[in-house]
Amino acid sequence: MRNLKLKLLFALLFFSAFTTGKKDVITIFMIGDSTMANKSLKNGNLERGWGQMLPGFLTDDVRVDNHAMNGRSSLSFINEGRWDTVLSKLKSGDYVFIQFGHNDEKSAEKLHTVPGSTFDENLRRFVRETRAKGAYPVLFNSIVRRNFPPEGATENKGSYEMEGNTLVDTHGEYLESPRRVAKEMNVPFVDMNKLTHDLVVGMGVEKSRSLFMWVPAGKYDFCPKGKIDNTHLNIYGGKVVAEIAMEAVAKVVPELAPYVRHHDSEVYVADYKDDKQCAVSYTLDDGLEEHYTLVFPEMEKVGFKGTFWIWGKGIENEAAQQGKTRMTWAQMKEMSDKGHEISSHSWSHANLKSLTLEEVETEVEKNDSIILAWIGKRPLTFCYPFNAYNEDILQISSKDRVGTRTKQYGIGGDKSKSTIESLDKWVKELAIAGEWGVAMIHGIATGYDAFTSPEILWEHFKRVKALEDNIWVGTYCEVAAYVKERKNIQLDITKKKSSFKITPRLALDDKLFCEPLTMVVSKNGKSEIKVSQGKQELAVKDAGDKFIFSFDPHGEVIKISF
């Protein structure tokens, strides 16, 4: 007992050593139509609004709150109360990105507005009421519709059996209203139509299809019959348009320029380790004994490392275990020593929303301390009991951590109804979307959401292992750290004829965020490259049309010669 008390005292002293200031986060609210809106990722859906992809081009100091919605005009956005919702959340120093026009053009009474009249007045209202809140409006006109009618066509059909060679505008005067109101009210304006018009024309008739929802039949679950859609963007198109939008914003709103993540297509940081398509983290809740006896051996067989969320009272107090046998500290230490993550699920597994904030702090700190005392590592991530949290709880539990679990995909039997096929589908959708999937697992053979057969999980592990060239399986801490570092790193790149010099800048705590990042260098005629960071030579992997290597995001200048 004396040794444990000494461990706990050391743990508390160690915990108190972590102090970081919290910066205010700027919020960009987005209001507009489907070309900007968030789209469902279900069934491998490829459609994306450019606003949905915008966070990828901003550091974590900026939060994007996208209220754009399919089928809305400036009129219906107001009449449905959507603008009132944004106003209720808007605070001084925030931004509102405003892009309407596609649906204002339509004849339906609930949508239609008139350029120079009702459309302009709605835009003025957005500007006035944004400024009244101490926030900053930015006006955009509509992105281009990819419209290449054949010679002699007299109407816009959306698509044609045979396309012509000239991109023809479909928006008319609706492009001028945002420009006019911006000039009249001294508002920053981004001519998205010109930017996307030039993009499409520059790519040409054939290649520009790759930006839009041209979906072949029989390939994707979300659209088995295929489709031709020249209005809405796909994943690639959403990224391209979001990038050019944010680059343009940085020019007219210089205050946002420091938060823009610039992307160089020739040399850049990969989305995931080793330039994998997507990532998966297997997280297991509640410290059940069968996580050690069943899951741990199976993960070791395939070389996966998992995250095990522990609530200390359930380990320490038999009465708190609710009749479910838990892992021992010795078992968890063995797992930790082999690279698995033992992390915090609070001390008593109470619903944190039912506690005072002081009680929440105690739940968090007490569990951190006991894990540090027994495992030797302070937890750098956190999992909310019952997935219940609010902004105050999020702030407390996020302090001095890499991340907390705020999204998850349930895997199991009683509740989740997992099958081998459903898990295949989940992984396929992650790969298509390039997303990070966080599996939430409870019971295995018994207990909450236990599998109908554990073999479902073991077979799933084997199938994911077979896809390891495309999927990174990492602990929650590893992937969370990588993603946050990748989102916040800035690269100063100097290019010469036979060399690049790259200076990485990452304003994150290097004691918390120390995951190596993967750099990608496009070949573009290069047969080989040599890379060093400071005095250390880095190993380079030839990956087809590119080279990849790992580097220290907090390290010295990177030199690439070829």
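The values are calculated or read from the model by the stated rules, or taken from the named source; none is laboratory data. Since we're looking at a predicted model, the values are computed, not measured. In this analysis, Cβ positions are derived from the backbone assuming ideal geometry, glycine residues included, and neighbour counts consider all displayed protein chains. Surface areas here come from the heavy atoms of the whole protein model, side chains and all, with no ligands, DNA or RNA. Shrake-Rupley method; radii C 1.70, N 1.55, O 1.52, S 1.80 Å.
Taking the range 154-195 as the range and being β-branched (V, I, T), touching a residue at least 24 places away in the same chain (Cβ under 8 Å) and farther than 18 Å from D229 by Cα as the test, the residues that pass are V181, V187, V190. Only one entry in A217, A257, A248 is modelled with pLDDT under 95 and over 20 Å from the mean Cα position of the chain (by Cα), namely A217.
Could you list all residues from the range 244-291 that are in a strand (DSSP E or B), under 30 Å from H349 (Cα atoms) and of a type outside the set (A, V, I, L, M)? S281, Y282, T283, D285 - these are the residues of the range 244-291 that are in a strand (DSSP E or B), under 30 Å from H349 (Cα atoms) and of a type outside the set (A, V, I, L, M). Y160 falls short on exactly one of the conditions (1) in a helix (DSSP H, G or I); (2) surrounded by fewer than 20 Cβ atoms within 10 Å (Cβ to Cβ); (3) aromatic (F, W, Y), and that condition is (1).
Residues in the range 509-541 that are part of a strand (DSSP E or B) and farther than 22 Å from H263 by Cβ were compared, and the one that is nearest to the chain's Cα centre (by Cα) is S532. Give the residue, chosen from N122, N66, that is free of Cβ contacts under 8 Å to residues at least 60 places away in the same chain, within 25 Å of M213 (Cα to Cα) and touching a helix residue (DSSP H, G or I) at 6+ places or on another chain (Cβ under 6 Å). Of N122, N66, the one residue that is free of Cβ contacts under 8 Å to residues at least 60 places away in the same chain, within 25 Å of M213 (Cα to Cα) and touching a helix residue (DSSP H, G or I) at 6+ places or on another chain (Cβ under 6 Å) is N66. Apart from one condition, E435 fits all of (1) touching a helix residue (DSSP H, G or I) at 6+ places or on another chain (Cβ under 6 Å); (2) open to solvent by 10 Å² or more (accessible area, probe 1.4 Å); (3) within 26 Å of D221 (Cα to Cα); the exception is (1).
Please work out if L491 is surrounded by 12 or more Cβ atoms within 10 Å (Cβ to Cβ), assigned to a strand (DSSP E or B) and of a type outside the set (V, I, T). Considered against the rule, which asks whether it is surrounded by 12 or more Cβ atoms within 10 Å (Cβ to Cβ), assigned to a strand (DSSP E or B) and of a type outside the set (V, I, T), L491 comes out as yes. Contact map, the range 279-295: first residue over 14 Å from W329 (Cα atoms) and of a type in the set (K, R), second residue open to solvent by 20 Å² or more (accessible area, probe 1.4 Å) and part of a helix (DSSP H, G or I), Cβ cut-off under 9 Å, separation 6 or more or different chains; the map is empty. Look at the range 215-226: where a residue is under 9 Å from G44 (Cα atoms), no partner that is in a loop (DSSP other than H, G, I, E, B) and of a type in the set (G, A, S) sits 6+ places away or on another chain with Cβ atoms under 7 Å.
Would you mind stating whether I420 is open to solvent by 20 Å² or more (accessible area, probe 1.4 Å), within 21 Å of K487 (Cα to Cα) and either touching a Cys at 6+ places or on another chain (Cβ under 6 Å) or β-branched (V, I, T) (or both)? No, not satisfied.
The selection criterion, being exposed (fewer than 14 other Cβ atoms within 10 Å of the Cβ) and either among the hydroxyl-bearing types (S, T, Y) or in contact (Cβ under 8 Å) with a residue 40 or more places away in the chain (or both), does not hold for T404.
Which of the residues that make up the range 8-45 are at pLDDT below 50, in contact with a helix residue (DSSP H, G or I) (Cβ under 9 Å, 6 or more places away or on another chain) and in a loop (DSSP other than H, G, I, E, B)? Of everything in the range 8-45, just one residue is at pLDDT below 50, in contact with a helix residue (DSSP H, G or I) (Cβ under 9 Å, 6 or more places away or on another chain) and in a loop (DSSP other than H, G, I, E, B), namely K22. Looking at the range 145-167 only, could you name the residues that are at pLDDT 90 or above and closer than 22 Å to G49 by Cα? Those that are at pLDDT 90 or above and closer than 22 Å to G49 by Cα: R145, R146, N147, F148, L167. Look at F500 and say whether it is part of a strand (DSSP E or B), surrounded by 15 or more Cβ atoms within 10 Å (Cβ to Cβ), in contact (Cβ under 8 Å) with a residue 24 or more places away in the chain and not hydroxyl-bearing (S, T, Y). In short, yes.
Of all the numbered requirements in (1) modelled with pLDDT of 95 or more; (2) surrounded by fewer than 19 Cβ atoms within 10 Å (Cβ to Cβ), H262 misses one, and that requirement is (1). The condition (being among the aromatic types (F, W, Y), in contact (Cβ under 8 Å) with a residue 24 or more places away in the chain, open to solvent by 10 Å² or more (accessible area, probe 1.4 Å) and within 16 Å of H349 (Cβ to Cβ)) is satisfied by just one residue among F386, F382: F386. Screening the candidates K183, K225 for the property of being among the basic types (K, R) and touching a Phe, Trp or Tyr at 6+ places or on another chain (Cβ under 9 Å) yields one hit, K183.
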